[in-house]
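Everything below concerns the one structure shown next.
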Amino acid sequence: MKAVKGRFTVLNEKGLHARPSTEIVKCASQYNSEIHLFYSDFIVNAKSILGILMMAAARGGQVTVEAVGDDAEEALCALVDLAKRRFNMVY
């Protein structure tokens, strides 16, 4: 099994609230890999909306992404790219 790690910064003004969290789940759910997000003392499944909301990652927060599986690298790149696009949020 392939394992990769990366990191993104939360650029959204209001942090990871419901809409950006939903975008993360939609993106992560397209991949077979197990994907976990690490923030503060939290380790959550990137396919779990409740887990992501519990992290309450604020603007400027550094979130580490760890993906394990055959499409791990692709999943990691997609999530980091999504974060750079502010989770498709337009303010």
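Of note:
- Our estimate of slack between residue 30 and residue 3, defined as 0.36 nm per intervening residue step minus the Cα-Cα distance, is 8.0 nm.
- Pairs of lysines in the chain (C-alpha under 20 Å apart; 8 or more residues apart or interchain): 9
- Excluding ligands, DNA and RNA, the accessible surface per residue across the chain is 57 Å² with a 1.4 Å probe.
- Helix 18-28 and the long axis of the chain differ in direction by around 10°, with both axes built from C-alpha atoms.
- Amide N of the range 59-85 lying under 12 Å from the label point, which is placed 7 angstrom from the Cα of residue 17 along Cα→Cβ: 59
- On Cα atoms only, tilt of 72-84 relative to the major axis of the chain in degrees: 10
- q = 0.11, 0.13, 0.16 Å⁻¹, the chain: log10 I(q)/I(0) [Debye, one scatterer per Cα]: -0.24, -0.34, -0.52
The values are calculated or read from the model by the stated rules, or taken from the named source; none is laboratory data. Because the structure is a prediction, the values reported are computed rather than measured. Note: ideal-geometry Cβ built from the backbone for every residue, glycine included; neighbour counts use all protein chains shown. SASA here: full protein model, heavy atoms, side chains in, ligands and nucleic acids out. Shrake-Rupley method; radii C 1.70, N 1.55, O 1.52, S 1.80 Å.
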